[in-house]
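Everything below concerns the one structure shown next.
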Amino acid sequence: MQNIEIKPGVYWVGAVDWAVRDFHGYTTQRGTTYNNYLIVDDQTTLVDTVKHDFMDTCLDNIRNIIDPAKIHNVIINHIEPDHASAIGELMSIVPKAKLFMTKKGKDGLERMFDISGWDITLVKTGDELKTGKKTLVFMETPMLHWPDSMMTYVKEDKLLISQDAFGQHLSSAQRFDDEFITCQSMAELEDAVWDYYANILMPFGTLVQRKLKEVQDLGLEIDMIAPDHGVIWRKDPGKVLQMYSDMASDRCDERVVIIYDTMWHSTEKMTQPIVRGIRAEGMDCRVIKLRATPISHAIKEFWRARGCLIGSPTLNNTLFPPVAGFMTSLQGLRPRNRIVSAFGSYGWGGGAVKAIFEYCKSMKLEMVEPGVQVKYVPSTQDEDACFEFGKEFARQTREYHKKF
Ligand code: FEO
């Protein structure tokens, strides 16, 4: 195969996983890649491994450049199994390699492997490793995405190897952002960044802001960002930096998304006049039925829009389970600065709309109460009420959006 040299002497040696659709519960409709990088220097250095199933591919890529037995240093930027589960296999090839990782990385790794014979050096922000002509600088990034996480900056190349951050679950034949420069596919690349951030990094907006500032304060010039998933930002690393800065500052589209599910179509029927009401205010609107859509996609659409209307029928005095699953996922992601309301049908006691508001209150989201409830099947009057509800929610979303 053709070597993919991303900077002089720095190679992508990872693997493309075209087939993965379930990434620990996160639906990866576009597959993913496991990126890792080989720095050929006086001390040849591998930054991260790949998911264990793909280690043969990675080793073939390395063999195309050098004998893997010549790897001198191994940097573990992140210990999650999609990057580190092949480390045992690698260490059987280079048992004397020197490993570099954070303290938390070592703490985690020793729960996964017998590391007793490994030569491990713990590193922290600002520590440097000279491999020959190149100087690697480490930067801890705890909780982006796990406590162990760090990034590796190659000084001479102005290259930031950023592990999960700035990545995308996106399998493709292209390795670089500039190969996506066509109208359709750049929109797809941006959407993949939103998707990844929403599902992985949404809870860590404050940390993202702090890290971006730290990069600025350290005066690191960044010419290229090479994440552990998806394409490498070669032409325009500033684009993904700006996207992260915007997302961490809770910027999003002035739009309403309706996320719902339904039992006997009554809650579903309510969405139609609600959409008409939203559109009557000139507001963009998307509609997502949960059982027809992976939760991770619904989470991304929630995160991209300023306003969200959540609809659920009442089942046994509470939420319909697919909606409960969505609310639980959303709560764990700790969204901020979104405006929400609720709607749904019920037969006798009700309870779903109340439960949605309780979830939203616990997340400290801006709420437009009391929402709309319909008994059994929406009447013409109910549909009129839904239309007005959609209009009013669009107006309030527009006002709320002005704050950002
Ligand atoms: Fe791609 Fe947090 O692992």
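The values are calculated or read from the model by the stated rules, or taken from the named source; none is laboratory data. Predicted model, so just to flag it, every value in this text is computed and none were measured. Cβ: placed from backbone, ideal geometry, glycine included. Neighbour counts: every protein chain shown.
Whenever a residue of the stretch 227-242 is closer than 20 Å to Ser149 by Cα, its partners that are away from the ligand (no atom under 15 Å from the Cβ) and part of a loop (DSSP other than H, G, I, E, B), lying with C-beta atoms within less than 8 angstrom and at least six residues away or across chains, give the pairs Gly230/Ser172; Val231/Ser172; Val231/Gln174; Val231/Arg175; Ile232/Arg175; Leu241/Ile222.
Look at the stretch 354-383 and say how many of its residues are of a type in the set (Gly, Ala, Ser) and in a loop (DSSP other than H, G, I, E, B). Outline the logic, then answer.
Restricting attention to the stretch 354-383, the residues satisfying the condition of being of a type in the set (Gly, Ala, Ser) are 355, 362, 371, 379.
Filter once more, so that each one left must be in a loop (DSSP other than H, G, I, E, B): 371, 379.
Here the count works out to 2.
Considering Ala355, Ala280, Ala292, the condition of being modelled with pLDDT of 95 or more, surrounded by fewer than 18 Cβ atoms within 10 Å (Cβ to Cβ) and farther than 28 Å from Thr28 by Cα is satisfied by Ala280 alone. Scanning the stretch 272-285 for residues that are among the basic types (Lys, Arg) and in contact with a helix residue (DSSP H, G or I) (Cβ under 6 Å, 6 or more places away or on another chain) yields one hit, Arg276. Applying the criterion of being among the β-branched types (Val, Ile, Thr) and crowded, with 23+ Cβ neighbours inside 10 Å to the residues of the stretch 300-337, the residue that is nearest to Val372 (Cα to Cα) is Ile310.
If you scan the stretch 132-148, which residues turn out to be of a type outside the set (Phe, Trp, Tyr), touching a strand residue (DSSP E or B) at 6+ places or on another chain (Cβ under 6 Å) and buried (at least 20 other Cβ atoms within 10 Å of the Cβ)? Break it down into steps so the answer makes sense when it comes.
First, the residues of the stretch 132-148 that are of a type outside the set (Phe, Trp, Tyr): 132-137, 139-145, 147-148.
Now narrow it down to the ones that are touching a strand residue (DSSP E or B) at 6+ places or on another chain (Cβ under 6 Å): 134-137, 139-141.
Answer for the stretch 132-148, where residues must be of a type outside the set (Phe, Trp, Tyr), touching a strand residue (DSSP E or B) at 6+ places or on another chain (Cβ under 6 Å) and buried (at least 20 other Cβ atoms within 10 Å of the Cβ): Lys134, Leu136, Met139, Glu140, Thr141.
In the stretch 77-108, of all residues being away from the ligand (no atom under 16 Å from the Cβ), outside any loop (DSSP other than H, G, I, E, B) and small (Gly, Ala, Ser), the one that is farthest from Met143 (Cα to Cα) corresponds to Ser92.
In the stretch 77-93, the residues that are farther than 16 Å from Leu59 by Cα and at pLDDT 95 or above reach residues that are part of a helix (DSSP H, G or I) and more than 9 Å from the ligand (Cβ to nearest atom) with C-beta atoms within less than 6 angstrom, at least six apart or across chains, in these pairs: Ile79/Gly105; Ile79/Gly108; Ile79/Leu109.
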